[in-house]
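Before any comments, here is the structure.
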Ligand SMILES: Cc1ncc(COP(=O)(O)O)c(C=O)c1O
C-alpha cells in the first residue's frame, strides 16, 4: 500500500528502534527520566524557550495551552479550518469551558493577519460580551494544505496581540516543515508566541509524542495539567529516545517530502477533472478538488484503495494526500498513474 493518508503513519526506523531499546529510563512523573529530560532540554534550546514538556499527543499539548491561557466562559480565536476547533472533539469547551470564534482567512492561506483578527476581538467590550482570551495560530496549516506562516507575519500578530494583553499559542504540529520551506529557524517562526506545541510523530518520524514549550512557570503548570488529564507517564525514556532522533535527524530530510508533494501536485494538475494549483503546495500536504471528475472523493478514495493507494476525502469534493518518509518518489509517480488510469476507465 502507498499510504498518503497522513504523515502520522510513518514507522520507526531501525536506528530509532535500537535507540529505544537502549534508552536510559526513570520515572518521568518524578522528573527522573534522563532521556525525557534531555529531549525537553534540547527542544527548549532549539526553540529558544525557557522550558519544554513531553506530552503524549499534539492535541493534549494544544489543550493544555488553551487551559492555561484562558478562564471558563472566555473565548479563543482561531482560523475557521484550524485543528483546535475542528479536530480536537470539542476539548477546548469540555476541558477549558471556552467558546471558539472561527475567523476566515481572506486569502485562503489559513494564516490570519491582524486586520482579520481585530474585528473578531472582544477586549474592552461591555461585560456581557464574551471576552477574548487567546489567539491560536497554526503553522503549517493542515487543512489549508500545509501552508506556511513567515516569522514576520507571526511576529506582527504577536506584537499586536500582546499590546492589548492577549497571549498567542502556536499549534506548530508541523512547524519544522514550515522552517524547512521558509529557511527560517523554528525559534524565529515562534519567537514571540507565548506557547508552542510541535509534534515528533508526524513528518519527523517518531512513533509517538509532542512537545509543549513556554516559560518556566507555564510549563510547571502544564505539568500539573498533563498529570490531571491522565498524561503523567513513567519510564518513557524509550519514547523520548525515538523523539530525540526525530528532532535531530527528522528535519534534515523534510525537503524530500516537499519535493514529492510538488511532484504529486504537478501530476494531479495535469489530470482531467482535477483542480489544484501546484504553486499553493508549500510543504508536504496536497489538497485537490475532484468535482470535475463527476465522482465524489469517497468513490475515488475507495477505488484508489482497491488499487493500492490510501488517501483521505476531507469533503465530498476534496481529497488530501500527505507525503512522508515512508513514501518514495517512485510511489508518487505510481500514485499519479493509478489515479489517471482509474479516472480514464471510469
Ligand atoms: C495542525 C495539527 N495540530 C494538532 C494535531 C494533533 O496531533 P495529535 O494527533 O498528536 O493529537 C494535528 C494532527 O494531525 C495537526 O495536524
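Right, residue 163: modelled with pLDDT of 95 or more and either surrounded by fewer than 23 Cβ atoms within 10 Å (Cβ to Cβ) or out of contact with any strand residue (DSSP E or B) (no Cβ under 8 Å at 6 or more places or on another chain) (or both) or not?
The answer is yes for residue 163.
Could you pull out every one of the helices (runs of 4 or more DSSP H) wholly within the range 1-102 that has 3 or more residues that are outside the structural domain of residue 308 (by TED's automatic domain parsing), within 30 Å of residue 122 (Cα to Cα) and touching a residue at least 40 places away in the same chain (Cβ under 8 Å)?
58-69, 83-86
Inspect the range 295-318 for any residue being on the phi > 0 side of the Ramachandran plot and either in contact with a strand residue (DSSP E or B) (Cβ under 9 Å, 6 or more places away or on another chain) or loosely packed, with under 15 Cβ neighbours inside 10 Å (or both) and give the result as yes or no.
Yes, there is a match, as at least one residue in the range 295-318 is on the phi > 0 side of the Ramachandran plot and either in contact with a strand residue (DSSP E or B) (Cβ under 9 Å, 6 or more places away or on another chain) or loosely packed, with under 15 Cβ neighbours inside 10 Å (or both).
Does residue 60 fit the bill of being modelled with pLDDT of 95 or more and under 30 Å from residue 306 (Cα atoms)?
No; evaluated as a whole, the condition is false for this residue.
Do we find that residue 228 is free of Cβ contacts under 8 Å to residues at least 24 places away in the same chain and either under 29 Å from residue 320 (Cα atoms) or touching a strand residue (DSSP E or B) at 6+ places or on another chain (Cβ under 9 Å) (or both) in this structure?
No: the conditions fail for residue 228.
Conditions (1) more than 14 Å from the ligand (Cβ to nearest atom); (2) surrounded by fewer than 24 Cβ atoms within 10 Å (Cβ to Cβ); (3) closer than 24 Å to residue 139 by Cα; (4) not assigned by TED's automatic domain parsing to the domain that holds residue 292, marked per residue:
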site	(1), (2), (3), (4)
207	no, yes, yes, yes
215	yes, yes, yes, yes
224	yes, yes, no, yes
238	yes, yes, no, yes
264	yes, no, yes, no
272	yes, yes, no, no
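Taking into account only those residues within the range 208-229 that are under 15 Å from the mean Cα position of the chain (by Cα) and assigned to a loop (DSSP other than H, G, I, E, B), which is nearest to residue 58 (Cα to Cα)?
For the range 208-229, the residue satisfying everything is 209.
The values are calculated or read from the model by the stated rules, or taken from the named source; none is laboratory data. Computed from a prediction, not measured in an experiment: that's the story for all the values here. Every residue, glycine among them, receives a Cβ derived from its backbone with ideal geometry; neighbour counts consider all protein chains shown.
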